[in-house]
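Report on the structure given below.
The values are calculated or read from the model by the stated rules, or taken from the named source; none is laboratory data. Worth saying up front: this structure is predicted, and the values here are computed from it rather than measured. Cβ coordinates were reconstructed from backbone atoms using ideal geometry, including for glycine residues, and neighbour counts include every protein chain displayed. When the accessible area is computed, the model is the full protein with side chains, heavy atoms only, and any ligands, DNA or RNA have been set aside. Shrake-Rupley method; radii C 1.70, N 1.55, O 1.52, S 1.80 Å.
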Amino acid sequence: MTQERYIDIPGEVMDIYRSWRPTPLYRALKLEEELKTTAQIYYKYEGTSPAGSHKLNTAVPQAYYNKKAGIKRLTTETGAGQWGSALGIACQFFGLECKVYMVRVSYNQKPYRRSFMEAYGAQVISSPSQETEAGRRVLAEQPDTPGTLGTAISEAVEEAVQCPDTNYSLGSVLNHVLLHQSVVGQEAKAQMEKVGGLPDIVIGCHGGGSNFGGLIAPFVRDKFEGKAMRIIAVEPLSCPTLTNGEYRYDYCDTAGLTPLLKMYTLGHQFTPPGIHAGGLRYHGASPIISSLHNNRVIEAQAYPQTDVFQSAITFARSEGILPAPESAHAIHAAIVEALQARDAGEEKVILFGLSGHGHFDMSAYEDYLAKRLNNC
Ligand SMILES: *Cc1c(COP(=O)(O)O)cnc(C)c1O
């Protein structure tokens with residue numbers, strides 16, 4: 001707990017951040033042209049990190065603090081593979097071992113993600129697995145399950161609890177993760193001030209809330225101080241935690257091993273369909289984001305994956321960056337807002353978070369382009 005407004009980034013973490021931070025803020029001029037919008041669209045791009053997403057921003061300090069505490073090994077879960085990749089790299093930087101429970105549907109959809117993690121020395125297990133009590137229980141009850149982040153968390157936590165030199169590391173949801181990710185928002189705000197001032201609309205995709213929370217952190221303060229601003233979290237229609245969940249106490253994992261958090265939740269037993277934005281398949285949400293949503297400081301929107309992929313393609317063809325399917329949710333909402341601004345003849349300034357690139361998500365693009373994606 002702290003009352004401080006700023007917490008300094010440790011020097012050793014800063015030395016690593018420096019290899020890809022600050023990340024670029026782009027104005028999406030070609031996309032604006034394509035949409036014929038009166039809005040200005042900016043995006044903060046986190047795909048330039050060695051892991052290809054924002055997740056390394058928290059993986060590095062988490063590995064650093066665990067190393068300092070004498071921990072030898074970290075266990076974790078991963079959905080699409082982004083978090084496992086980031087933690088694998090960070091553990092390598094600090095000489096820690098890393099074991100990753102990867103949600104089965106992604107393990108099968110994304111073999112290159114697996115190799116990526118293994119190249120950095122991580123051990124990768126398909127979840128649910130036979131290695132833990134929690135995994136064996138789910139396998140016995142639902143042998144064909146696509147797996148969930150909730151189950152993978154249970155497995156990683158169970159293993160960490162049993163080994164004294166091992167800690168469990170979570171890549172989203174928790175307060176310290178949002179704190180680490182606030183570097184994204186701090187840079188974005190300084191960059192926006194150089195080019196045009198504060199945005200009217202800030203948009204981020206929402207899985208557990210970390211890239212969104214990090215991006216919006218300094219802007220929420222402006223909103224509290226009276227700046228008119230809409231702040232929008234975007235999630236998949238098939239996993240509508242903020243738009244359709246209940247605000248109550250729930251577990252972070254399926255087996256109920258974690259402490260209870262007050263958050264929007266679809267229930268810790270909820271199994272989302274195996275959509276391609278694996279990083280957004282989470283039943284819960286960050287308590288900070290949940291509270292902001294409950295207090296109407298932020299709003300939430302949910303979109304079907306076919307619309308999201310269509311916007312991803314529009315973005316790739318105009319801006320040249322192939323986005324992660326998760327990030328494409330933010331792109332889609334930004335396009336919707338930009339078209340509304342055009343129709344109303346308004347000069348809105350829109351900022352969205354482009355949390356990662358989609359270079360490991362080619363099977364998703366393949367399915368979309370072959371018209372094999374269902375509209376949920
Ligand atoms: C993991 C991930 C997300 C979702 O997680 P949050 O904690 O909600 O940010 C979004 N985008 C990318 C690229 C991811 O890897």
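Tabulated data
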{"item": "Accessible surface of R27 - all protein chains present, 1.4 Å probe, nearest 10 Å²", "result": "90 Å²"}
{"item": "Candidate residues T78, T2: accessible-area rank, largest first, probe 1.4 Å", "result": "T2, T78"}
{"item": "Residue pairs, from the table K36/K223; K110/K223; K223/K371, whose Cα atoms sit over 31 Å apart", "result": "K110/K223; K223/K371"}
{"item": "Whole-angstrom gap from the range 259-295 to the range 63-109, using each part's C-alpha centre", "result": "21 Å"}
{"item": "Reachable aspartates and glutamates from K44, criterion Cα separation under 14 angstrom, eight or more residues apart if same chain", "result": "E187, E193, E319"}
{"item": "DSSP bridge orientation in the chain - percent antiparallel, rounded to nearest 5", "result": "25 percent"}
{"item": "Helix-only [θ]222 nm of the chain, DSSP H runs n ≥ 4, -39500 (n - 2.57) each, per residue, nearest 500", "result": "-13500 deg cm²/dmol"}
{"item": "Residue pairs, from the table K67/K99; K68/K262; K194/K227, whose Cα atoms sit over 26 Å apart", "result": "K68/K262"}
{"item": "Under 5 Å, built H, 5+ apart or other chain: amide partners of T38", "result": "R342"}
{"item": "Translational diffusion of the chain, µm² s⁻¹ [Kirkwood Rh, Cα pairs; Stokes-Einstein; 4 °C; 1.567 mPa s]", "result": "63 µm²/s"}
{"item": "Förster-model FRET efficiency, 41 Å R0, A370 and Q142, C-beta, rounded to 0.05", "result": "0.90"}
{"item": "³J(HN,Hα) computed for each position of the range 61-67 - Karplus, 6.51 cos²θ - 1.76 cosθ + 1.60, integer Hz, glycine/proline x", "result": "x, 5, 5, 4, 5, 5, 4"}
{"item": "Exposure of S238 as accessible area (Å², to 10), given a probe of 1.4 Å and all protein chains", "result": "10 Å²"}
{"item": "Inter-site label distance for N295 and Q162 at 7 Å from Cα along Cβ, in nm", "result": "4.2 nm"}
{"item": "Protein-only accessible surface order, largest first, of S355, S19 at 1.4 Å", "result": "S19, S355"}
{"item": "M362-K68 FRET efficiency (beta carbon distance; Förster radius 35 Å; 0.05 resolution)", "result": "0.35"}
{"item": "Solvent exposure, largest accessible area first (probe 1.4 Å, DNA, RNA and ligands not counted), of R317, R221", "result": "R317, R221"}
{"item": "Share of carbon and sulfur in the accessible heavy-atom surface of the chain [1.4 Å probe, %]", "result": "50 percent"}
